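The values are calculated or read from the model by the stated rules, or taken from the named source; none is laboratory data. Quantities reported herein were computed from a predicted structural model and do not represent experimental measurements. For neighbour counting, all protein chains shown are included, and Cβ atoms are generated from backbone atoms with ideal geometry for every residue, glycine included.
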Amino acid sequence: MQFACTSHRGLDAAIGHYLDQVGVRPTHACIAVAGPVTDEEIAFTNSDWSFTTGGLQRDLGLAGLLVINDFHAFALALPGLAPHELCQIGGQAHQEHGTKVAIGVGTGTGVAALVWTPSGWHGIASEGGHSSLACDTAEDFALADRVRAGRPHLSVERILSGPGIGDLYRAVAASHGRNAETLIPDEVLTRALAETDDIAVETLQRFVRWFGSFAADAGLMFGAKGGVYLGGGITPRILDLLRRGPFRQAFEAKGRMKDYLAPIPVYAVLAEHPALRGAAIHASQTFSPAP
């Protein structure tokens, strides 16, 4: 089941509605949230929801509650994905215990890593989507300046997200001296994929190139010999373009690091709700009694 955040006053109300629907009352839970998990109080990055871990546990009558970042959960699911749930985009075979990086674009931009330890895989949460957007060409710098106008900081998420596609569409139109229509991100994607709007087509091409470049940046930062994994709501929709478009070219276009990046495989994750699997894995590992 899926529910819009705007349909409920907060996470407790959404969970309560869900539990009423399924008729189950768990004793323990792990929740993956789209935002930083650093202390007792949790605030969503792209929603006005917030809660305290202790308060939510009490309100739901749980004996135990874990809260982790949504892409931390996504990363935890990666080793268990079946071959048919992955689509490889270039590179060679991944190293069995090589570090894996998970990146996703949707409402925002998520980044996490998975490293092998003597006790198994260990997830590393991050807020890498809020790092500064990198530009390589004069055209990129000009577009970035248009998107940044009025903002103190231009993060990766300001471009590589659903809202970012809308902002980029307007910036591309302005670069051609045209006034862009007011379109929601889904309309930009639909027009671009159908090739019925030249501004939308250029927008998506630039989006994919920036996506490839940022995926490579994350791969370099973590030494992702285990592969870079793409998720989020936008990835499946643009899969064909990721496979045949400028994504892989941008991924490897890192000067002296081209030979380092060329063997690293990139995978589009086709599985439904992998973060739910990762949250279940984390709960099982934490709450299951020791043998």
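Consider the range 247-270. How many of its residues are in a loop (DSSP other than H, G, I, E, B) and surrounded by 19 or more Cβ atoms within 10 Å (Cβ to Cβ)?
Adding up the residues that qualify gives 2.
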Q) Going by the conditions given, is V208 within 19 Å of the chain's Cα centre (by Cα), assigned by TED's automatic domain parsing to the domain that holds G104 and modelled with pLDDT of 95 or more? A) yes
Q) With G219, G150, G162 as the choices, which residue is of a type in the set (G, A, S), in contact with a helix residue (DSSP H, G or I) (Cβ under 9 Å, 6 or more places away or on another chain) and modelled with pLDDT under 95? A) G162
Q | Hits in the range 68-88 (condition: buried (at least 21 other Cβ atoms within 10 Å of the Cβ) and touching a strand residue (DSSP E or B) at 6+ places or on another chain (Cβ under 6 Å)) | A | I68, N69, D70, F71, H72, A73, F74, A75, L76, L78
**Q.** Filter pass, E139 being buried (at least 17 other Cβ atoms within 10 Å of the Cβ), modelled with pLDDT under 95 and out of contact with any Cys (no Cβ under 7 Å at 6 or more places or on another chain)
**A.** no
(Q) For the range 27-39, which positions are modelled with pLDDT under 90 and either farther than 20 Å from F74 by Cα or surrounded by fewer than 15 Cβ atoms within 10 Å (Cβ to Cβ) (or both)? (A) T38, D39
Q) Yes or no: A200 closer than 22 Å to A134 by Cα, outside any loop (DSSP other than H, G, I, E, B) and either modelled with pLDDT of 95 or more or in contact with a strand residue (DSSP E or B) (Cβ under 6 Å, 6 or more places away or on another chain) (or both)? A) yes
Q: Would you please list the contacts, defined by Cβ atoms under 8 Å and residues six or more apart or on different chains, that run from a residue in the range 168-179 that is among the hydroxyl-bearing types (S, T, Y) to a residue that is assigned to a loop (DSSP other than H, G, I, E, B)?
A: Y169/A180; Y169/L183
Q: Select, from G54, G64, G120, the only residue that is of a type outside the set (F, W, Y) and surrounded by 13 or more Cβ atoms within 10 Å (Cβ to Cβ).
A: G64
Q) If we scan the range 142-149, do we find a residue that is basic (K, R), touching a Ser or Thr at 6+ places or on another chain (Cβ under 8 Å) and touching a residue at least 12 places away in the same chain (Cβ under 8 Å)? A) yes
